[in-house]
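Comments concern the structure below.
The values are calculated or read from the model by the stated rules, or taken from the named source; none is laboratory data. No experiment lies behind these values; they were computed from the predicted model shown. Note that we place each Cβ from the backbone using ideal geometry, even for glycine, and neighbour counts take in every protein chain shown. All accessible areas refer to the heavy atoms of the entire protein, side chains included, with ligands and DNA or RNA removed. Shrake-Rupley method; radii C 1.70, N 1.55, O 1.52, S 1.80 Å.
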Amino acid sequence: MENQLPNPENSKVMISSISDIERAAFYRKTYSHVAGGVLVFILFEYLLLQSDTIVNFMLSMTEGYKWLLMLGGFILATNYAESMAMRTTDKNKQYLAYGIYIFFEALIFVPLLAIAIFYMETGPELLNQAAIVTLALFTGLSAVVLLTKKDFSFLKTGLAIGFFIAIGLIIAGTLFGFNLGLWFSVGMCLLAGGSILYQTSNMVNQYGVEDYIPAALGLFASLMLLFWYVLRIFMSRD
């Protein structure tokens, strides 16, 4: 029952104030939850891709303004899940929020993965390559923060502006029918890399010792954004 009690900010034990051993334990919990999120994502994705109805529906939603509706629904659902995880100390609610977030990530990935797997000759190999590159980049960027202990919170404003510009370009591309192309995907990979630096920095400097689930959710979100655009880059080669 203790984790259901309100946890005012001034009573929160911050990661920066605990011993190295306790901090390492927090990092292990956080990254194990990120890994768990990836496994659940794979499970959700496998189940969703087994349904021709879901696959065909999601593919149909990539056409014209329907994609904007899908993207808007995804943003609303994931923002709700993220805010739920952040505003409660109840672990059950945090896990529920994380599960909701993972499910909607899996759902939005359905059309991209369906095209990669079912309509491209090198689908499985391409997915493996994109996953390896994504994991390597995520690991390297996380290591930069953990080893240098540099505070990357200054990236917040730049990331917010970058994401608003990206959303504007996606909307314009959908409405006016132009392809955003390879360089947009490269730019989004850079934005995702900045988000990983920012989220890892938050884990080191901003979270309390019991906030490993919200920390994992933030890292998972950045990881999935990076994977999406790395995969788009690999698919553009074929």
Inset, instruction - Inspect the stretch 42-54 for any residue being open to solvent by 20 Å² or more (accessible area, probe 1.4 Å) and over 25 Å from Met235 (Cβ atoms) and give the result as yes or no. - result: no
Inset, instruction - Can you work out which of the residues in the stretch 189-203 that are among the hydrophobic types (A, V, I, L, M, F, W, C) and open to solvent by less than 10 Å² (accessible area, probe 1.4 Å) is farthest from Lys150 (Cα to Cα)? - result: Ala192
Inset, instruction - Name every residue in the stretch 159-179 that is out of contact with any Phe, Trp or Tyr (no Cβ under 9 Å at 6 or more places or on another chain) and either among the hydrophobic types (A, V, I, L, M, F, W, C) or open to solvent by less than 60 Å² (accessible area, probe 1.4 Å) (or both), in order of residue number. - result: Ala160, Ile161, Gly162, Phe163, Phe164, Ile165, Ile167, Gly168, Ile171, Phe176, Phe178
Inset, instruction - Those residues that are touching a residue at least 12 places away in the same chain (Cβ under 8 Å), closer than 20 Å to Phe164 by Cα and either among the aromatic types (Phe, Trp, Tyr) or open to solvent by 100 Å² or more (accessible area, probe 1.4 Å) (or both), I need them from the stretch 57-100; list them, please. - result: Tyr65, Trp67, Phe74, Tyr80
Legend entry - Scan of the stretch 199-238 for residues that are at pLDDT 90 or above and basic (Lys, Arg), ordered by number: Arg232
Legend entry - Subset of the stretch 204-231 that is over 21 Å from Leu39 (Cα atoms) and in a helix (DSSP H, G or I) - its residue that is least open to solvent (accessible area, probe 1.4 Å): Val204
Inset, instruction - Could you please tell me which pairs satisfy a Cβ distance under 9 Å, a separation of 6+ or placement on different chains, a first residue in the stretch 195-216 that is of a type in the set (D, E, K, R), and a second residue that is open to solvent by 30 Å² or more (accessible area, probe 1.4 Å)? - result: Glu210/Asn3; Glu210/Asn7; Glu210/Lys12; Glu210/Val13; Glu210/Thr89; Asp211/Lys12; Asp211/Met86; Asp211/Thr89
Legend entry - Among residues of the stretch 24-51, those that are without any contact (Cβ under 8 Å) to a residue 12 or more places away in the chain and basic (Lys, Arg), counted: 1
Inset, instruction - Being among the polar types (S, T, N, Q) and part of a helix (DSSP H, G or I) is the filter here, so list the residues in the stretch 103-144 that pass it. - result: Asn128, Gln129, Thr134, Thr139, Ser142
Legend entry - Test result for Leu155, of a type in the set (A, V, I, L, M), in contact (Cβ under 8 Å) with a residue 12 or more places away in the chain and on the phi < 0 side of the Ramachandran plot: yes
Inset, instruction - Go through the stretch 101-142 and give me each residue that's open to solvent by less than 30 Å² (accessible area, probe 1.4 Å), over 13 Å from the mean Cα position of the chain (by Cα) and among the β-branched types (Val, Ile, Thr). - result: Val110
